[in-house]
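One structure is given below, encoded as structure tokens.
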Amino acid sequence: MTATNTTDQQSTRVKLEQMGRAARSASRLMARADTNSKNRALRAIAAELEAQRIQLAEANAQDMQAGRERGLDAALLDRLELNDERIDAMIEGLLQVADLPDPVGEVEDLCYRPSGIQVGKMRVPLGVVGIIYESRPNVTIDAASLCLKSGNATILRGGSEALHSNQAIAACITQGLREVGLPETAVQVVGTSDREAVGALISMPDYVDVIVPRGGTGLIERVSREARVPVIKHLHGVCHVYIDDLADEQKAFEIALNAKTHRYGVCNAMETLLVAEGIAERMLPRLAEAYELKGVELRGCARTCEILPQCAEAKESDWSEEYLAPVLSIRVVADMDAAMDHIARYGSGHTEAIVTENYTRSRRFLAEVDASSVIINASTRFADGFEYGLGAEIGISTDKIHARGPVGLEGLTSQKWIVFGDGHIRR
């Protein structure tokens, strides 16, 4: 390593530590901010996004052009794009978060103990949340809105491919905070593409309380391995749809088509379709025709290839692959038990769906499939904080603690025990 590189790394770490100290100070102010102030800030940021549409589009165009020149694939370019529809969604998300109940200060389970004291739990912010993400600039707004409403400060480190877009969005956030008198350092966006910024952010336990990585496997594995602060993460989105032999065939067709083709480069897209043997010969040709029209490459088990001669033979690695692309694995299974066995072996704990008209089977699927979201007769694409009514999401956690599934306001808080007494002493 050259002296210049060492100096640059030291400079980056110093900058991150400065941001950490500022975030820690801001977090104390945010923890006591009233709900009205937080909501006013969210609405002010929304208004600023609306006013800066042209600037946002110009910044994003720079990133898109640079991405094309760097040879980013179609899925990454789709994630990177910030069009009018996505700006609309960011604004709507901010307003929806503003309308959500504020979890901070909620008291639960308050009761008297035999000693005469009252004991309960109060919901409180986590403190400083570090978020590391790739490609999607809309994550900047999702993360900022949820952290603000839940009384946290946040440091956001977006991907280098979205640097201009993220800085334009950050300017809107800063202006919104300034307008209502909340600390501008409550939301800080790292303004460098230096990879050392990640290493610095995940190793500052004095300033950062939790890290949320959103991105590819390499990023999440690195953060999980090197972080010195707790991590809320998901590793993969290997999502399945199982079409039962007692499924409504039209529902199954529409769900299987939507789950795969609505958007490819998202973690809740279906990557493997499981079809019961008893319905496979009727369903698969129709679905294959629809997938062909959408340009989806099919890879199947031996039985699938018998039914669909145009289908390529799947490799073992395909069953655990998160394609994030117009590629789909298909397996014909004997029954629901075989489908659940497949999911248990290859699933990533993200989202699993069954299509069936049998109540008993649907209840068994709900109870026995281990995933952060389990869906009956609907597309996996609904596994999303916005669709679940959270306003937005900080990410979808496949961990089982502290938060699981789409992480919204409640997932960005913790609880502390509170005790009320009136001169009580322990005897």
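The values are calculated or read from the model by the stated rules, or taken from the named source; none is laboratory data. Model, not experiment: these values are computed from the prediction. Ideal geometry is used to build each Cβ from the backbone, glycine not excepted, and the neighbour counts take in all protein chains shown. The protein model used for the area step is the full one, side chains on, heavy atoms only, and it has no ligands, DNA or RNA in it. Shrake-Rupley method; radii C 1.70, N 1.55, O 1.52, S 1.80 Å.
With contacts taken as Cα pairs under 8 Å and at least 6 residues apart, the stretch 74-179 reaches a relative contact order of 27 percent. What the Cβ-Cβ distance of Ile418 and Ser320 gives, at R0 = 45 Å and to the nearest 0.05, is a FRET efficiency of 0.50. Model label points for Gln167 and Arg86, set 7 angstrom from Cα along the Cα-to-Cβ axis, are 1.9 nm apart. Note on the chain: with charges restricted to the Cβ of Lys and Arg (+1) and Asp and Glu (-1), its dipole about the Cα centre is near 1840 debye. Relative protection proxy for 328-334, 259-265, 292-298, from highest mean packing down: 328-334, 259-265, 292-298 (other beta-carbon atoms within 10 angstrom).
The packing ranking of peptides 44-53, 362-371, highest mean first, is 44-53, 362-371, where packing means the average number of other beta carbon atoms within 10 angstrom of each residue. Every helix of 4 or more DSSP H residues in the chain counts as -39500 (n - 2.57), and over all residues that averages to -14000 deg cm²/dmol at 222 nm.
Taking every alpha-carbon pair under 8 Å whose residues sit at least 6 apart, the stretch 192-312 reaches a relative contact order of 18 percent. In this structure, the residue pairs whose Cα-Cα separation is over 27 Å, taken from Lys38/Lys400; Lys233/Lys416; Lys38/Lys121, are Lys38/Lys400.
Relative to the current alpha-carbon distance between Ile425 and Glu249, full extension at 0.36 nm per residue lengthens the span by 56.6 nm. Accessible-area rank, largest first, for Arg40, Arg68, Arg225: Arg225, Arg68, Arg40, with all protein chains present and a 1.4 angstrom probe. Less than 12 Å Cβ to Cβ from Met340, Lys/Arg counted +1 and Asp/Glu -1: what total charge do the surrounding residues give? Its environment carries a net charge of -4. Probing with 1.4 Å while keeping every protein chain in the model, the per residue accessible area of the chain equals 45 Å². Between Arg263 and Arg195, full extension at 0.36 nm per residue minus the direct alpha carbon distance yields a gain of 21.6 nm.
Go through (i) 1.07; (ii) 1.26; (iii) 0.93 and flag the label whose value is the computed Cα Rg over 2.2 N^0.38 Å for this structure. Of the labelled values, this structure produces (i). What the phi angles of the stretch 84-98 give under the Karplus curve with 6.51, -1.76 and 1.60, with θ = phi - 60°, is a coupling list of 4, 4, 6, 5, 4, 5, 5, 5, 4, x, 4, 5, 5, 5, 4 Hz, glycine and proline written as x. Simple rule: put +1 on each Lys or Arg Cβ and -1 on each Asp or Glu Cβ in the stretch 143-215, find the dipole, and look at Val189, Leu146, Pro205; the Cα lying farthest toward the positive end is Leu146. Dipole check for the stretch 258-413: with +1 at the C-beta of Lys and Arg, -1 at the C-beta of Asp and Glu, and the Cα centre as origin, the magnitude is about 220 Debye. Could you look at the stretch 366-407 and say what percent of its accessible area is carbon and sulfur, using a 1.4 Å probe and all protein chains? Carbon and sulfur atoms account for 52 percent of the accessible area of the stretch 366-407.
Full extension of the chain segment joining Glu289 with Gln10 gains 94.8 nm, where the gain is 0.36 nm per residue of separation less the Cα-Cα distance.
Figure legend: label point modelled 7 angstrom from the Cα of Thr35 along Cα→Cβ; residues of the stretch 84-121 with amide N under 13 Å from it are 98-107.
Extending 7 Å from the Cα toward the beta-carbon at both Glu306 and Glu179 defines two label points whose distance is 6.4 nm.
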